[in-house]
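The structure appears below as structure tokens.
Rule-based calculations on the coordinates, nothing more; no lab input. For clarity, every value in this text was computed on a predicted model and none was experimentally measured. So basically every Cβ, Gly included, is an ideal-geometry build from the backbone, and we count neighbours across all protein chains shown.
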Amino acid sequence: MEWLTQIFTWWNGQTIGTRFHTWRFGERVGEDERGNVYYQSEGGKRRWVIYNGPAEATAIGPGWHGWMHHRVDLPPAQENYVARAWEKPHEVNHTGTARAYRPKGSLLNTAERPRVTGDYDAWQP
């Protein structure tokens with residue numbers, strides 16, 4: 001089943017072409033806590049990730065994001081990356097899922113929209 005997925009889908013892990021390119025030219029650099037595996041070409045000029053699950057760019061944490069975009073030379077697996085005290089834990093983008101943010105007044109939220117306060121009066125026909 002995994003081979004069929006790799007042949008007919010591009011959003012689920014890796015394709016056949018990516019698997020071949022990774023086998024031929026990829027040097028494994030590390031893995032993050034979500035199971036995403038990071039690779040680079042010889043010399044580190046090209047860098048890529050094989051996602052553990054659907055291909056979603058927000059699944060890359062801040063430490064690996066900096067390495068992927070050539071902002072730092074050492075990947076988090078080779079250095080002791082520690083998040084700053086003021087940084088919140090990384091979360092993937094929840095848009096389109098049940099965990100998406102739905103403010104009061106949204107069509108998908110059952111809560112009633114708050115009343116207008118202050119010097120603003122809403123227009124009424």
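Label separation (Ala55 vs Ala122): 4.3 nm, computed from points 7 Å beyond Cα along the C-beta direction.
Ranked by Cβ crowding within 10 angstrom, fewest neighbours first, how are Trp23, Trp67 ordered?
Numbers: Trp23 8, Trp67 25.
Exposure proxy ranking, most exposed first: Trp23, Trp67.
A straight line joining the Cα centroids of the range 57-100 and the range 28-55 runs 13 Å. Between Leu74 and Lys104, the modelled labels are 4.9 nm apart [label points 7 Å from Cα along Cα→Cβ]. Database remark: amide H of Asn12 closer than 5 angstrom to the amide H of Ala55 (H placed geometrically; neighbours at sequence offset of 5 or more, or on other chains; Pro and chain starts carry no H).
For a footprinting-style exposure proxy, rank Trp48, Trp123, Trp64 by other Cβ within 10 Å, fewest first. Kindly include the intermediate steps, with their values, before the conclusion.
Values: Trp48 16, Trp123 4, Trp64 26.
In increasing order of surrounding Cβ atoms, one gets Trp123, Trp48, Trp64.
The length gained by stretching the chain between Trp48 and Phe25 to full extension, at 0.36 nm per residue less their Cα-Cα distance, is 7.1 nm. Phi angles of the range 28-39 translate, via the Karplus equation with coefficients 6.51, -1.76, 1.60 and θ = phi - 60°, into HN-Hα couplings of 5, 9, x, 9, 9, 5, 8, x, 6, 10, 10, 10 Hz per residue; Gly and Pro are given as x. Sorting Tyr81, Tyr101 from the fewest to the most surrounding beta carbons within 10 angstrom yields Tyr101, Tyr81.
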